[in-house]
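This report concerns only the one structure given below.
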Amino acid sequence: MSNNQLFRLIPKVDVVLEKERIKEVVTVYGKEPVKEAIGYELDKIRKYLSKDPSEDGLKEKLDVLEQNVINLVTEKKKSNLKHVINATGVILHTNLGRAPLPQKALDDLMVKMQGYMNLEYDLKAGKRGERYSHFEKLICEITGAEAAMAVNNNAAAALLMVSAVGNGKEVVVSRGEQIEIGGKFRIPDIIDQSGCKRIEVGTTNKTRLSDYEEVITEDCGALLKVHTSNYKVLGFTESVEREDLVQLGKKHGVPVIEDLGSGVLIDLSRYGLRKEPTVQESIKAGVDVVCFSGDKLFGGPQAGILAGKKEWIELCKKHPLTRAMRIDKCTAAMLETVFSMYEDEAYAVKNIPVLNIMTTPLETLKEKANRFAAMLKEALDERVKVDILLCENPVGGGSLPGEMLPSYAVTLQGENLQVDAFADALREGELPIVVRLWENHILFDVRTMYEKEFEATVEVIKEKWNI
Ligand SMILES: *Cc1c(COP(=O)(O)O)cnc(C)c1O
């Protein structure tokens, strides 16, 4: 067969498009990306033919043409954002999306997000409503606040709170609470950004009520308290209780605002964890506005929630920054669901993943580790050493600083196992697994692993073992 004849055997793009399997891909991804992939694959065949003009070679190439096109299109269309197995044991892992969302929030989202929704529409009155209305009452019921709202994250909430309440005047803050939130966002920067004047009082380890009182003048716009949620000052320390700060604020007619960081709504000490100040306590103490994160210990979507006295929250709602930081409908919907879950604490602890993962007893984790280890032993050959190990991990996400939670990890060890390369391999593929390494062991901390995914996880490990 002459070269020309051979080249004429290469099908036209339109002909390939009519193949049954290709048509199926077109229904999923649309015509254009498939056409492009066919063109690319046909070009490859032409290039091949010009180097090696054999009929057999061409036949081989044509046999796999359809599959190659399908692979190319699906590979290109694969999502970059993926579900990941978190085997690090760090519950609030900012790199891994922080709080995993409650199933109920996802289910509700599927229903509420179909088509249009009443985000800013009062269905009873038939006119414009407020996007916070769907969860404001719930927040008030749970926390005891008079009013509430939410913005995109707690960094935004803190900036809004200081800007709106401080109103360009002086904002007083303790030197012991000048924290960096991460990502170069620091409390002093927030105050400076707000256009307020930063008045620092006390020292790193000690700040007294009199330190605040001394600097209060008629230019004072707010007293700011910040929960040192990602570090701890130990030893010779003193800080002012929020009750005392509130009294001082009242005496001088100055509002007290508080950035709580991770917003806890339940008393964690009831579950054997260290107590974190709750939002309820802050409101009860009389703080005028408190802000906290939606995706830390609260266990919901990324958001910054503001709650407190009506006059100040109204001021925040009207502030121009609010429009720039406003939450979208998905966040509003999820906040409504997650807050509603807190109406019953036992239900919340069971069904909000962050709370559930955090309060799982050690004994339960041990049993979980044993089950996972047994599955791995069965799946891998006997040269792989599978064990369980008592370990520790931080909660992460700037919560419960210094507190290490005991947990159990399943460890893998092999004679020629290159742990770094293996850990790299585990992160590739459609179900990436992020692990911890310890000496020459691979650690799978079962605390943050979902049991329903054990089987799929074992499959990935088995597949990668032969690298
Ligand atoms: C984490 C944290 C923030 C920032 O919250 P994001 O939701 O991450 O924006 C602000 N203040 C404190 C005290 C925090 O711990």
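All of the numbers you see were taken from the coordinates with simple rules; none came from a lab. Only a predicted model underlies this, so the values are computations on that prediction, with no experimental measurement involved. Note that each Cβ is placed from the backbone with ideal geometry, even for glycine, and that neighbours are counted across all protein chains shown.
Numbers below:
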| read-out | value |
| --- | --- |
| Peptides ranked, highest mean first, by Cβ atoms within 10 Å: ranges 397-410, 311-324, 290-303 | 290-303, 397-410, 311-324 |
| Amide H within-cut-off set for Phe298, under 5 Å, with H built and near neighbours excluded | Gly263 |
| Global form of the range 182-334, assessed from the alpha-carbon gyration tensor, a/c cut-off 1.5 | oblate |
| Relative contact order computed over the range 103-351 (Cα-Cα under 8 Å; 6+ residues apart), in percent | 26 |
| Antiparallel bridge percentage (DSSP; both residues within the chain; nearest 5) | 60 |
| Helix-only mean residue ellipticity at 222 nm for the chain, each DSSP H run of n ≥ 4 adding -39500 (n - 2.57), per residue, nearest 500 | -13000 deg cm²/dmol |
| Helix 362-379 axis, angle to the chain major axis (alpha carbon atoms, nearest 10°) | 10 |
| About the Cα centre, charge dipole magnitude for the chain (Lys/Arg +1, Asp/Glu -1 at Cβ), debye | 1000 |
| Integer Hz, Karplus 6.51/-1.76/1.60 couplings in order for the range 163-168, x for Gly and Pro | 5, 6, 6, x, 6, x |
| Peptides ranked, highest mean first, by Cβ atoms within 10 Å: ranges 48-54, 202-208 | 202-208, 48-54 |
| Note, ³J(HN,Hα) from phi for the range 81-93, Karplus 6.51, -1.76, 1.60, rounded to Hz, x at Gly and Pro | 6, 10, 6, 10, 8, 8, 9, 7, x, 7, 5, 9, 9 |
| Residues with amide H under 5 Å from that of Tyr408, placed H, sequence gap 5 or more | Cys391, Val446, Arg447 |
| Cα centroid separation - the range 1-49 against the range 317-383, whole Å | 47 |
| Helix axis angle, 103-112 relative to the chain longest principal axis, alpha carbon, degrees | 80 |
| Distance from the range 422-467 to the range 221-266 (C-alpha centre basis), Å | 42 |
| Relative contact order, percent, the chain [alpha-carbon distance under 8 Å, six or more residues apart] | 19 |
| For the range 15-104: relative contact order, % (alpha-carbon pairs under 8 angstrom, 6 or more apart) | 26 |
| Angle in degrees between helix 65-77 and the longest Cα principal axis of the chain, rounded to the nearest 10 | 10 |
| Taking the C-alpha atoms of the chain, convex hull volume expressed per residue in Å³ | 207 |
| Whether the range 71-158 is rounded, prolate or oblate, judged on the alpha carbon gyration tensor where a/c under 1.5 counts as rounded | oblate |
| Rounded if a/c under 1.5, otherwise prolate or oblate - the range 250-305, Cα gyration tensor axes | oblate |
| ³J(HN,Hα), Karplus 6.51/-1.76/1.60, whole Hz, each residue of the range 448-453, x for Gly, Pro | 9, 8, 7, 4, 5, 9 |
